[in-house]
Amino acid sequence: MRGSDELASALEGLIEKEGLKKEVEIVGSFCMGECSTGVSVKVDDSPFREIRCEEVEAFFNREILPRTRKKDEAPCQTTG
């Protein structure tokens, strides 16, 4: 799909920049059944369509980065 290689490279760069290589994995897929809508990305079980290279950093910051931060957070502890 046109733009998919560039999008994958941009995501890989952002993952490396944030030090998330162990937490985030990029897996290629030939088709997700959405080829007519442009490049699609699935994060966990959530599909995202029409992702463009010029939007990749905002997408990463909005959809991927917060999911990695949730895993790092410890549950609140209260003392009583």
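The values are calculated or read from the model by the stated rules, or taken from the named source; none is laboratory data. Model, not experiment: these values are computed from the prediction. Counting neighbours? That spans all protein chains shown, and the Cβs are built from the backbone with ideal geometry, glycine included.
Suppose we filter the range 41-63 for residues that are on the phi < 0 side of the Ramachandran plot and under 11 Å from the mean Cα position of the chain (by Cα); how many remain?
If we filter the range 41-63 for residues that are on the phi < 0 side of the Ramachandran plot, which is where we start, we get 41-43, 45-49, 51-63.
Retained after the next criterion (residues that are under 11 Å from the mean Cα position of the chain (by Cα)): 41-43, 46-48, 51, 56-63.
Counting residues in the range 41-63 that are on the phi < 0 side of the Ramachandran plot and under 11 Å from the mean Cα position of the chain (by Cα) gives 15.
Take the residues in the range 40-51 that are assigned to a loop (DSSP other than H, G, I, E, B) and surrounded by 15 or more Cβ atoms within 10 Å (Cβ to Cβ); name whichever of them is modelled with the lowest pLDDT. Can you show your working first?
Our first condition is that a residue be assigned to a loop (DSSP other than H, G, I, E, B); within the range 40-51, this holds for 40, 44-45, 49-51.
Pick out the ones that are also surrounded by 15 or more Cβ atoms within 10 Å (Cβ to Cβ) and you get 40, 51.
On the way: Ser40: 79, Ile51: 85.
Looking at residues that are assigned to a loop (DSSP other than H, G, I, E, B) and surrounded by 15 or more Cβ atoms within 10 Å (Cβ to Cβ), I get Ser40.
When you scan the range 22-39, how many residues do you find that are acidic (Asp, Glu) and modelled with pLDDT under 70?
1
Got a number for residues in the range 52-78 being at pLDDT 85 or above and of a type outside the set (Asp, Glu)?
Of the range 52-78, the ones at pLDDT 85 or above are 52-68.
Keeping just the survivors that are of a type outside the set (Asp, Glu) gives 52-53, 56, 58-62, 64-68.
Number of matching residues: 13.
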